[in-house]
Amino acid sequence: MEGIMSGTYHICPNKANFQFDTSFMYVIAGMCMLKLYQSRHPDIETSAYRAFFAFGIVILLALFGVLYNCAAFWGVFFALYMITIVFVNVEIYYMGRWSFVKELFTGCLQQPTQCLCQYTIRGCLTCSCVHYRSRWVLLLLATSVNLGIGIWGISSFYPDFATYVLIIMISNLAVYFLYYIFMKLAIAHEWPSFLTWITAFLAIVCWAPALYFFNAGLTDWQASPAESRQGNANCILFDFYDAHDVWHFLSALGMFFSFLTILTVDDDIKDKNRDTILAF
C-alpha cells in the first residue's frame, strides 16, 4: 500500500499529493508503536476502531496543515498537540486506570494539598508521587522530545507540514523502541534472538545510506517542474537509476528489516508464562 501511495505521488510530485506518500507512513509508525506496546500490555491494548480513528484524525490534521499552513492553524495545532501529550502520558502511566475528570477535578476539590503534590512539576520532583519510575522516565523523555518538536514547529512555521507530522511519528517510534530495548536488556534481563540482532543490523545498514541518498536534493516538489529539473544529476546505478531511486530501494529494504526486528524482538520469551513476563 505504501508503494502504491508513493507511486501516485511520484507520477506528478506537488504540494497537494505529497500527503499520499506520507499518510500511510503515519499509519505504519503508529502500528509499530501499538505492536510494541501490545507485546507487554495485551490486556489494555486499544481497539482497532480507536486506533484507526486516531490515525484518521492525524491524516486529517496533516491535510489541513498542507492546505492552511498559517499562524492560526499552527496555534490550534500546537494546543491540540500539547493536550494530546498530556492525555497519552496519563493513559500510559496509569495503564488506563485513571479518570481525568474524577481524579483531577473531584479529587483536587476534596484534597487540594495532595493534588498540588501530584499534578505539578514541583510536586513530581519533591513528593513521592512517582510510583512507576520506568514509565515516568519514558514519558519524561518522550514529553521532552515532543515539546522540543512542537516549539521548533510553531517558532519556524515549518513549511512542509506533512513531513513535520511524519517527524513527530518517527521520533516517538524511535524513542519508544530504544526505551523498549533498554528495558528488555537492562531491567528484564532478556536477550533477543539471533535473528532479531541480524535484522536490526541489516536495518541499520540499509537506513544509513538510504538517508544519505534521500538528502541528495535532486528534486524539489515545492518548486516548479522547470526549477526542479535543474537539480537532476547523472544516474549512479546501472546507468539508469539516480540517487532518489537508490533511496527507494534501500528504504524499502530498511523498512522490511525494521518490521522483522519489531516482530521478532520478543521471540526469546515466547515460551514463558504470561504472568512471569515483566510489563514496562
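Would you please list the contacts, defined by Cβ atoms under 9 Å and residues six or more apart or on different chains, that run from a residue in the range 244-255 that is within 11 Å of residue 2 (Cβ to Cβ) and in a helix (DSSP H, G or I) to a residue that is open to solvent by 60 Å² or more (accessible area, probe 1.4 Å) and among the acidic types (Asp, Glu)?
Taking only residues 6 or more apart or on different chains, not a single pair turns up.
Regarding residue 191, is this residue part of a loop (DSSP other than H, G, I, E, B), among the aromatic types (Phe, Trp, Tyr) and at pLDDT 75 or above?
Against the criterion (part of a loop (DSSP other than H, G, I, E, B), among the aromatic types (Phe, Trp, Tyr) and at pLDDT 75 or above), residue 191 qualifies.
For the range 86-182, list the helices (runs of 4 or more DSSP H) that sit wholly inside it and hold at least 3 residues that are at pLDDT below 80; which are they?
107-110, 112-118, 121-126, 133-156
Which number in (1) in a loop (DSSP other than H, G, I, E, B); (2) modelled with pLDDT of 85 or more marks the one condition that residue 61 misses?
Of (1) in a loop (DSSP other than H, G, I, E, B); (2) modelled with pLDDT of 85 or more, only one is false for residue 61: (1).
Got at least one residue in the range 181-196 being in contact with a Gly (Cβ under 9 Å, 6 or more places away or on another chain) and farther than 13 Å from residue 81 by Cα?
Within the range 181-196 (the criterion being in contact with a Gly (Cβ under 9 Å, 6 or more places away or on another chain) and farther than 13 Å from residue 81 by Cα), the answer is no, since none of the residues qualifies.
Among 4, 28, which is the only one that is more than 16 Å from residue 161 (Cβ to Cβ) and either open to solvent by 60 Å² or more (accessible area, probe 1.4 Å) or of a type in the set (Asp, Glu) (or both)?
The match here is 4.
Looking at the range 239-253, can you tell me whether even one residue there is at pLDDT 90 or above and open to solvent by 50 Å² or more (accessible area, probe 1.4 Å)?
Within the range 239-253, one or more residues are at pLDDT 90 or above and open to solvent by 50 Å² or more (accessible area, probe 1.4 Å).
Mind counting the residues in the range 38-58 that are part of a helix (DSSP H, G or I), closer than 30 Å to residue 268 by Cα, without any contact (Cβ under 8 Å) to a residue 24 or more places away in the chain and open to solvent by less than 50 Å² (accessible area, probe 1.4 Å)?
Residues that pass the stated criteria total 1.
Whether any residue in the range 16-23 is of a type in the set (Phe, Trp, Tyr), open to solvent by 60 Å² or more (accessible area, probe 1.4 Å) and farther than 23 Å from residue 155 by Cα is what I want to check. Before you say what the answer is, go through the steps one by one.
Step one: filter the range 16-23 for residues of a type in the set (Phe, Trp, Tyr), giving 18, 20.
Checking the rest, the ones that are also open to solvent by 60 Å² or more (accessible area, probe 1.4 Å) come to 20.
Still in the running and farther than 23 Å from residue 155 by Cα: 20.
Yes.
Which of the numbered conditions does residue 176 fail, given that it passes all the others? Conditions: (1) farther than 19 Å from residue 71 by Cα; (2) among the aromatic types (Phe, Trp, Tyr); (3) open to solvent by 50 Å² or more (accessible area, probe 1.4 Å).
(3)
The values are calculated or read from the model by the stated rules, or taken from the named source; none is laboratory data. Remember, predicted model here, so these are calculated numbers, not experimental data. Positions of Cβ are generated from backbone atoms using ideal geometry, with glycine treated the same way; all protein chains shown enter the neighbour counts. When the accessible area is computed, the model is the full protein with side chains, heavy atoms only, and any ligands, DNA or RNA have been set aside. Shrake-Rupley method; radii C 1.70, N 1.55, O 1.52, S 1.80 Å.
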